[in-house]
Amino acid sequence: MTITDQLQASPSAAGTEGPALWPAQAHVPSVIGRQLVIERGEGSYVFTADGRRLFDGTAGLWHANVGHSHPELAAAAHEQMLRLETYHTFGRFTNERARELGDRLADLSPIARAKVILNSGGSDAIDVACKLARRHWQREGREGKRVILSREYGYHGLHAYGTSIAGLEFNRDGYGTPSLVSETARVSFDDADQVARTVAEIGPENIAALVTEPVQGTGGVNPPVPGYLEALQQICREHDILLVLDEVITGFGRMGTMFAADRYGIRPDLLTFAKGVTSGYAPLGGVLVSPRIWEPFFLNGPEAPIFRHGVTYGGHATASAVALRNLEILERDRLLARVGELEALLQRELTELAKHTPGVLDVRVAGLLGGVTLAEQLSAEQASEDLIELGFISRPLRGNTLQISPPFITSDAELSSFVQAIRQAVTDQMGR
Ligand SMILES: Cc1ncc(COP(=O)(O)O)c(C=O)c1O
């Protein structure tokens, strides 16, 4: 049934267009009239317009790492706006906050001597990384290297490149072509031998880059099987394929290290980030670029090529000021170490949950990131709805999986209560 058919079959939805704002990633008639209007946040909690207090077990869309409504981040934005809201970074122009943030990110980067490109979010960052990978090989005179590989179940945002390299098929559907931007292909999400075979079939001389999340998020919270990321890195090095690590979720502490690259010992050529860089307090994303790629563009002389990556808000001064303060808070409040403690607790809690809860098929943890996969006869979507009634926010991910990714400031007791609530939601659904 098409959405139009459904609207016509459902008079209430057909008769209620709802507010002007088009809900994102939603089957519209299923959400109109029952949207949760989040009005206020405080630490690990959000409050709805109709008076509910909900534990934010997902940190919004994996972004609110230092918790909601942090006064120091509000102050950082306020101070910067009073001085200069922003100034663009095209050509000779730049602004001091963007430069300061660039230096700070280069210091933190797992890529030695990294240059930093700033823009507005994760999808932006992915677009830039894929374009830069292609630009790199064109400039090198290896014109055939144009294909961008990505993994099954991968999610890289929804701009044209993110849509084209989506490993979740439904995000690529409906545009009249399997790849909105041409020349992309998928590889196995867990079998490195298969990846090597795909590379051989396509031909390394045709492949520009391989894009991967270190731990797949939207694809169901899938930590890499042991040795897989290392093998990807090896394949890329052997065949001169650029490795793009998409750290939009994992960057800035969610793995207990500044980047997942540090945790897994991976050295990518390009690294994309967003969300955690500002804990979501300002829209900001970007790419860390290795010298192998940036050096030719910084050559002294008229022959230096130009990479046209600019956007109006790339290097936004207020977003950069907020990011700088957020990075200070992560360090000062020792939040990476706290993630390590919470990971150990989450691992214990989910192991127990899996052992004692019929209906829980599998659990996975990496850093403060957990996935709970439910048995086929249960619905993670329904469990998320039931969790709201219990006062907790989770989210259904691919593979009938519930998302666990609370803010880093969550207490032990809150994390344990969240897992208990999941157990209750699963058990209640089993009993229906
Ligand atoms: C791994 C990954 N990459 C890219 C994106 C896109 O980021 P944004 O929604 O900021 O465009 C996301 C968003 O969830 C993501 O999880």
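The values are calculated or read from the model by the stated rules, or taken from the named source; none is laboratory data. Every value quoted in this text rests on a predicted model; they were computed, and no experiment measured them. Ideal geometry is used to build each Cβ from the backbone, glycine not excepted, and the neighbour counts take in all protein chains shown.
Conditions (1) under 22 Å from Gly399 (Cβ atoms); (2) of a type in the set (Val, Ile, Thr); (3) surrounded by fewer than 18 Cβ atoms within 10 Å (Cβ to Cβ), marked per residue:
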{"position": "Asp103", "(1), (2), (3)": "no, no, yes"}
{"position": "Ala114", "(1), (2), (3)": "no, no, no"}
{"position": "Arg134", "(1), (2), (3)": "no, no, no"}
{"position": "Gly141", "(1), (2), (3)": "no, no, yes"}
{"position": "Ser150", "(1), (2), (3)": "yes, no, no"}
{"position": "Tyr153", "(1), (2), (3)": "yes, no, no"}
{"position": "Asn171", "(1), (2), (3)": "yes, no, no"}
{"position": "Gly174", "(1), (2), (3)": "yes, no, yes"}
{"position": "Glu183", "(1), (2), (3)": "no, no, yes"}
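Criterion applied to Arg135, Arg197, Arg142, Arg186 was being closer than 16 Å to Ser290 by Cα and assigned by TED's automatic domain parsing to the domain that holds Pro214, and the one residue passing it is Arg135.
Residue check: is Glu414 in a helix (DSSP H, G or I), more than 30 Å from Arg332 (Cβ to Cβ) and out of contact with any Leu (no Cβ under 8 Å at 6 or more places or on another chain)? Considered against the rule, which asks whether it is in a helix (DSSP H, G or I), more than 30 Å from Arg332 (Cβ to Cβ) and out of contact with any Leu (no Cβ under 8 Å at 6 or more places or on another chain), Glu414 comes out as no. Exactly one residue among Ala425, Ala321 is out of contact with any Ser or Thr (no Cβ under 9 Å at 6 or more places or on another chain) and either modelled with pLDDT of 95 or more or over 30 Å from Asp103 (Cα atoms) (or both), and that residue is Ala321.
The helices (runs of 4 or more DSSP H) found wholly in the stretch 286-382 and carrying at least 3 residues that are closer than 17 Å to Gly251 by Cβ occupy 317-332, 335-356. Between Glu238, Glu295, the distinction of being more than 16 Å from the ligand (Cβ to nearest atom), under 20 Å from Val147 (Cα atoms) and without any contact (Cβ under 8 Å) to a residue 40 or more places away in the chain belongs to Glu238 only. Within the option set Val322, Val287, Val311, Val277, being within 16 Å of the ligand (Cβ to nearest atom), surrounded by fewer than 20 Cβ atoms within 10 Å (Cβ to Cβ) and either under 19 Å from Ile409 (Cα atoms) or hydrophobic (A, V, I, L, M, F, W, C) (or both) holds for one residue only, Val311.
Regarding Ile165, is this residue more than 15 Å from the chain's Cα centre (by Cα) and of a type in the set (Val, Ile, Thr)? No, not satisfied.
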